[in-house]
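**Student:** Encoded as structure tokens, here's the structure I'll be asking about.
The values are calculated or read from the model by the stated rules, or taken from the named source; none is laboratory data. Note that the coordinates shown come from a computational prediction; the quantities given were computed from them, not determined experimentally. All Cβ positions, glycine included, derive from the backbone under ideal geometry; neighbour counts span all protein chains shown. Note: areas computed on protein heavy atoms with side chains; ligands, DNA, RNA excluded. Shrake-Rupley method; radii C 1.70, N 1.55, O 1.52, S 1.80 Å.
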Amino acid sequence: MNMRKILLILAAILMSDAVSAHTDSTAVNRKKVAVVLSGGGAKGMAHIGVLKVLERAGIPIDIVTGTSMGSIVGGLYAIGYNAGALDSVVRQQDWSYVITDKEDLRKQSLNDRQKQNTYFITTSMTFGKRNRQETNSGGLIKGKNLAELFQQLCVGYTDSLDFNHDLCIPFACVATNIIDNSEVVFHSGRLPQAMRSSMAIPAAFSPVRLGDMVLVDGGMKNNYPADIAREMGADIIIGVTVQGPPKTAEDLGGTMSILNQIIDINCKNKLDDNLAITDLHLQVDTKGYNTASFSATAIDTLIRRGEDEAMRHWDDIIALKQRIGIDDSYRPVIPHPLRPQVMTEKQAVTGYTFENMTLQAEQFLRQKFHLGKRAGSKGQGARDSIDATLSQELTTCMRIDLFYQTAECRLVTEGDGVRVILTAGERKSVQLHAGARYDIEEHAAVQLGLDIPLKTATPVNTDITLRLGKRMMARGELTVHPRSFTRPTFSYTFYRNDIDTYEGGDLIYNIRYNQFQAEFLPFNFDLRHINLQMGLRWDYMHFRDKLGVETSKLVTLQNGHYFSYRARLNYNNEDNWYFPTRGARFNAEYAYLTDNFVQLSGNAGTNKISADWRMSFPITSRFTLQPMLYGRLLFGKTVPHVFGNVIGGDWFGHYAEQQMPFAGIGHIEYIDKHFIAAQLQAQQRFGSKSYVRLKVAGALQAEKTKEIFDNRVLLGVQGSYYYSTMFGPVGASLGYSNHTKEVYFYLNLGYEF
């Protein structure tokens, strides 16, 4: 430790002593004050408003106890988050993500993001020895995102601690052990785990397994733990509850209302006795909100209602000062975030500890990140320091490459450095996905996915996909996760296509064909928002049938094998897959198509270049402009019809791989070999999930590049309404183009695939 750090620590101690001396000189014999915060799910956000007023009034807080949401607010307050900091923290969270088991988009590859926005049902099974400490079963939500959030917010307080001595304010929270229906009071342990245990609402969140105990929401035994505060030495108790008025028979209609009533009744255990020992009880009006009201508007209202309720008791709060033994000149030391922050600078590592991890996984991490075995390891490239970036990379690698459902990186002070403790959850065995959609073109479609990570020395993942509907597809993919940066992939896909083709808005023929496709990608690089692939692909086209009208062009369809060399770049940092408000998306591909690895039909092979680039610009919090440029160029004497350019619909590659969208055109329309287009979309959000869109598009096409500006400009316009649901976007579009010269209506229900 250098001299500068020593001087800073001494200065901090002296300043702390000075503040304490000033505070104690004005209230040497003052009484201890406890704040007790009840459970209540999202309604517990009101606690933050109450704490704001208590700070404003100058009320000292010596003890904090809480249950469920009260344990979260109280626990964070006890480690140094003041009311203002808590207000910022809860508003910054994406609660629609936090209270689910969805993957964090920041940790996902583009392929993972696409899966999350394709399937509305995902269920996992695990293999290997079950870790009883993990919150992994017994509820609709495993709670891994909540656990990770608590871990991040409690940096510096994640190791086993004594809550009475190691926190800024002594703290305790309550959980219920459903093995013997006993009350469990946390005065020590790991703070994130204690908070997670206290709020494990039965059936909704998986319980926490700790030793021989299975812990759920503390509200089942003691939802308002004033008695715990008294046992901890509190002389004055200020309590906050957020439960609504008793329900009548008329109020109990649906399943959720009945379940909430059962929980509320159980939460009344000890309530009357604890209210009797409370000196000031604040009952916040939370009418109109429930335990799941985590929207931004609800959080704002609930915090304000907590503040309003405390302000209605302002005179009572000020009157408490005399009982406490302080006067108006007394100013308590308000907690503020002096706690250790998320790492930004490199810290010296004294060693690495691997918990609940196979030896193969440990060796994989050591070699991939060059981790030393002990302090002072000086092997080639050995890591003897750690920072926030490396910490995140380690946990991401454990989850994505080693297939652990949860992963945790903790730092424990050890001498002048830190020991890095990497803890793994259970390993995924099989992950099943299911999605369904309906549109007026293809009618109903179902898609199933199966991810199977293999227990091999080098991690390997198998991905199987099956789509049922007018367009049938079966796909198997094998991805190797070596220690290098690339993930070689081999895939085999069978398509059974049934495609209607239009010309100028009129159906001219229907093509039915089977496509067999194998692809090997030795170079498959993933880095957060970027995926770069290079490899070789084989396609075999077997045409089963073609039905056309008499006026249709004569198109020759021949069975054949095709070999192509391909390079693809995908980039996407948009904040929403379907309704982005900021960010960019860029996709580009180059392919050289042949039928014998060199030529196509005796001539030079066909070159294909395609790209699309979209940006989102938020004009207001609800209105977004999204310009997009895209196109596809084909160079070569021979272009097989099945690889020709087609436009129509709202998505790239929906009906055919080479399909490009165009406003006002819903069906597939074949166009010339060279096509470039521009689109501007205006998106307006109403409420939290309703979207209205207006698109205008223009395009040029030609058989030869030099003629592209000689032809008529294609124009299209389209208006849409969509509602975002857990099953995907639900909505309809109405459009018109000068190419089809007719109004087109399209209805879509569900995620696109």
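**Student:** What number of residues in segment 228-257 are of a type outside the set (Gly, Ala, Ser), surrounded by fewer than 20 Cβ atoms within 10 Å (Cβ to Cβ) and at pLDDT 80 or above?
**Tutor:** Number of matching residues: 4.
**Student:** Just the residues that are under 25 Å from the mean Cα position of the chain (by Cα) and part of a loop (DSSP other than H, G, I, E, B), please, taken from segment 454-479.
**Tutor:** Selection gives PRO459 alone.
**Student:** Residue by residue through segment 601-622, note down the ones that are in a strand (DSSP E or B), of a type outside the set (Val, Ile, Thr) and in contact with a Leu (Cβ under 6 Å, 6 or more places away or on another chain).
**Tutor:** Matches in segment 601-622: LYS608, TRP613, PHE617.
**Student:** Something else: Filter segment 450-489 down to residues that are farther than 30 Å from LEU359 by Cα and among the small types (Gly, Ala, Ser), then give me how many there are.
**Tutor:** Total meeting the criteria: 2.
**Student:** Separate question: Listed residues GLY75, GLY80; which is touching a Lys or Arg at 6+ places or on another chain (Cβ under 6 Å) and within 18 Å of GLN152 (Cα to Cα)?
**Tutor:** GLY80
**Student:** Please work out which one of (1) without any contact (Cβ under 8 Å) to a residue 40 or more places away in the chain; (2) aromatic (Phe, Trp, Tyr); (3) over 17 Å from ILE676 (Cβ atoms); (4) part of a strand (DSSP E or B) is the condition PHE586 fails and give its number.
**Tutor:** Failing condition for PHE586: (3).
**Student:** Restricting to segment 80-103, name every residue that is farther than 30 Å from TYR404 by Cα and not in a helix (DSSP H, G or I).
**Tutor:** GLY80, TYR81, ASN82
**Student:** Residues that are under 17 Å from GLY649 (Cβ atoms) and assigned to a loop (DSSP other than H, G, I, E, B): does segment 480-498 have at least one?
**Tutor:** No: zero hits.
**Student:** Here's another thing I want to ask about it. May I ask you to list pairs of residues, at least six apart or on different chains, whose Cβ atoms are under 8 Å apart, with the first in segment 492-506 being at negative phi and open to solvent by less than 40 Å² (accessible area, probe 1.4 Å) and the second being hydroxyl-bearing (Ser, Thr, Tyr) and assigned to a loop (DSSP other than H, G, I, E, B)?
**Tutor:** ILE499/TYR655; TYR502/THR740
**Student:** Could you check GLY653 against (1) at pLDDT below 95; (2) over 29 Å from the mean Cα position of the chain (by Cα); (3) under 29 Å from LEU507 (Cβ atoms) and say which number it fails?
**Tutor:** It is condition (2) that GLY653 fails.
**Student:** Going residue by residue through segment 365-384, is there one that turns out to be within 30 Å of VAL460 (Cβ to Cβ), part of a helix (DSSP H, G or I), at pLDDT 80 or above and open to solvent by less than 30 Å² (accessible area, probe 1.4 Å)?
**Tutor:** yes
**Student:** I would also like to ask the following. Consider segment 163-185. How many of its residues are part of a loop (DSSP other than H, G, I, E, B) and closer than 9 Å to ALA78 by Cβ?
**Tutor:** 5
**Student:** Just wondering, is there one or more residues in segment 571-579 that are in a loop (DSSP other than H, G, I, E, B), of a type in the set (D, E, K, R), touching a residue at least 40 places away in the same chain (Cβ under 8 Å) and buried (at least 19 other Cβ atoms within 10 Å of the Cβ)?
**Tutor:** yes
**Student:** Next question. For GLY735, indicate whether it is under 12 Å from PHE662 (Cα atoms), in a strand (DSSP E or B) and either acidic (Asp, Glu) or in contact (Cβ under 8 Å) with a residue 60 or more places away in the chain (or both).
**Tutor:** Here the answer is yes, as GLY735 does meet what is asked.
**Student:** Tally the residues that are closer than 30 Å to LYS695 by Cβ, at pLDDT below 95 and among the aliphatic types (A, V, I, L, M), restricting the search to segment 556-600.
**Tutor:** Residues in segment 556-600 being closer than 30 Å to LYS695 by Cβ, at pLDDT below 95 and among the aliphatic types (A, V, I, L, M): 0 in total.
**Student:** Restrict the check to segment 621-634 and report whether at least one residue is touching a Lys or Arg at 6+ places or on another chain (Cβ under 7 Å), touching a residue at least 60 places away in the same chain (Cβ under 8 Å), surrounded by fewer than 17 Cβ atoms within 10 Å (Cβ to Cβ) and closer than 28 Å to ILE530 by Cα.
**Tutor:** Checked against the condition, which is being touching a Lys or Arg at 6+ places or on another chain (Cβ under 7 Å), touching a residue at least 60 places away in the same chain (Cβ under 8 Å), surrounded by fewer than 17 Cβ atoms within 10 Å (Cβ to Cβ) and closer than 28 Å to ILE530 by Cα, segment 621-634 yields at least one hit.
**Student:** Among the residues of segment 427-437, is there at least one that is under 30 Å from TYR744 (Cβ atoms), surrounded by fewer than 20 Cβ atoms within 10 Å (Cβ to Cβ), touching an Asp or Glu at 6+ places or on another chain (Cβ under 8 Å) and at pLDDT 90 or above?
**Tutor:** Scanning segment 427-437, I find no residue that is under 30 Å from TYR744 (Cβ atoms), surrounded by fewer than 20 Cβ atoms within 10 Å (Cβ to Cβ), touching an Asp or Glu at 6+ places or on another chain (Cβ under 8 Å) and at pLDDT 90 or above, so the answer is no.
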